[in-house]
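> Before I ask anything, let me first share the structure, which is written out below as structure tokens.
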Amino acid sequence: MKRPTLKMSLQSFNKSASVLTASLLTVGSLSAHASGEVNVYSARSEALIAPLLEAYSKENDVKVNLITGKADALLSRLASEGNASPADVFITVDAGRLYRAKEAGVLQPFETDHLNDVVPEYLRDRDGYWYSLSQRARVIFYNPEKVSASSLSSYEDLADPKWKGQICIRSSSNIYNQSLVASMIDVNGEAETLEWIKGLVANFARPPAGGDTDQIKAAAAGVCDIAVANTYYFGRLGLSSKAEDRAVYDKLAMFWPNQAKNDRGAHVNVSGIGMTASSKNKENAKQLIEFLTNEQSQKWYANVNNEYPVVEGIAPPESLAVFGEFKSDTVSLSVLGENNRQAVKLMDQGGWK
């Protein structure tokens, strides 16, 4: 299979990330100088966010206290702590989870001119409860020895009987799949989406099991010919120093769905951040969120997470740039949360376990 060579080795990637980390310490502040502290609950692991928080702390003389954990566990913690929660900001992944946090009453609305200028409208909550920090696309991976790119087209096409027994995708309990279905409800309506789910399920190569990386590896192993997964999982395999990961990466290709002229584009989702309803350090929280959306922070965050920046004009990390530009779906991500309950219901009705 011919693919642009991924020249960034794991060693050079880490070096690049270190350079970006160092440069963060010289970035100009977007807000007035502040002091005090800010408390962060993050569903992103410490390695994927702490260096940015340290850079912000040094630049602004603000102490940052970080607690990391699983997304749903942190949301439950925020809800149980209520107004007594020490958290000022909450970082998590997927617009569906951000919507749940909003609905649970653990976030409060806010806005700044900077955030409204740099974060596209569809990548932030329509009521100002959260803003995106990075993007990932949920796309199609395929084995070019068994599937021709010319035979692929859209998410809708995956329900065609021609793909019977050829598709790997994780379970309906996964928020990424729920958000994909929620986006399809917005475009195609509930009835058509239910029929699509039934067709997709009929084309499963096996019952859903494992995470996104497991789907990709299954396609490389011949368990299926097509896998649906987020872009950053594939990017990680390309950067891995493990021979078995590189073998998987080299065997598969990525396909951008729904790219036709009049089509909506590939489904994207985000990691995002909101100010907690309990925040006692609101100005520092706003300042931190602005810092995370400046140019240098966006470059570092995208590189370390193998995701796409949310601020326009900033290039994606090399691990993803090799796959070229694509048209993304610009449906308001608020819709993904609003349609989540119905998406889960339709997945259950359609037999998606």
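> What residue, of S80, S150, S57, is in a helix (DSSP H, G or I), assigned by TED's automatic domain parsing to the domain that holds A220 and not charged (D, E, K, R)?
S150
Table: residues versus (1) more than 17 Å from A137 (Cα to Cα); (2) surrounded by 14 or more Cβ atoms within 10 Å (Cβ to Cβ); (3) outside the structural domain of E103 (by TED's automatic domain parsing); (4) touching a strand residue (DSSP E or B) at 6+ places or on another chain (Cβ under 6 Å).
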position: K327; (1), (2), (3), (4): no, yes, yes, no
position: E338; (1), (2), (3), (4): yes, yes, yes, no
position: Q342; (1), (2), (3), (4): yes, yes, yes, no
position: K345; (1), (2), (3), (4): yes, no, yes, no
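> Could you count how many residues in region 196-220 are under 18 Å from W163 (Cβ atoms) and free of Cβ contacts under 8 Å to residues at least 40 places away in the same chain?
Total satisfying the criteria: 2.
> Looking at (1) surrounded by fewer than 20 Cβ atoms within 10 Å (Cβ to Cβ); (2) touching a Gly at 6+ places or on another chain (Cβ under 7 Å), which is the one condition that is false for L133?
Unmet condition: (1).
> On to the next question. Answer yes or no as to whether S279 is touching a strand residue (DSSP E or B) at 6+ places or on another chain (Cβ under 8 Å), within 22 Å of E156 (Cβ to Cβ) and either in the same structural domain as L53 (by TED's automatic domain parsing) or not β-branched (V, I, T) (or both).
no
> Restricted to region 187-213, and to residues that are within 25 Å of K242 (Cβ to Cβ) and surrounded by fewer than 17 Cβ atoms within 10 Å (Cβ to Cβ), which residue is farthest from the chain's Cα centre (by Cα)?
Per the stated criteria, the residue is R206.
> Does N269 qualify as being surrounded by fewer than 23 Cβ atoms within 10 Å (Cβ to Cβ) and at pLDDT 95 or above? Can you show your working first?
On the way: surrounded by fewer than 23 Cβ atoms within 10 Å (Cβ to Cβ): no; at pLDDT 95 or above: yes.
When the stated conditions are applied, N269 does not pass them.
> May I ask you to verify whether G313 is assigned by TED's automatic domain parsing to the domain that holds S85 and surrounded by fewer than 20 Cβ atoms within 10 Å (Cβ to Cβ)?
yes
> Okay, moving on. Among V139, V106, which is under 28 Å from R236 (Cα atoms) and surrounded by 15 or more Cβ atoms within 10 Å (Cβ to Cβ)?
V139
> Tell me the residue from I314, I289 that is in a loop (DSSP other than H, G, I, E, B), of a type outside the set (S, T, N, Q) and under 22 Å from the mean Cα position of the chain (by Cα), please.
I314
> Quick check on this structure: which one of A302, A321 is surrounded by fewer than 19 Cβ atoms within 10 Å (Cβ to Cβ) and among the hydrophobic types (A, V, I, L, M, F, W, C)?
On the way: A302 fails: surrounded by fewer than 19 Cβ atoms within 10 Å (Cβ to Cβ).
Matching residue, one of A302, A321: A321.
The values are calculated or read from the model by the stated rules, or taken from the named source; none is laboratory data. Because the structure is a prediction, the values reported are computed rather than measured. Ideal geometry is used to build each Cβ from the backbone, glycine not excepted, and the neighbour counts take in all protein chains shown.
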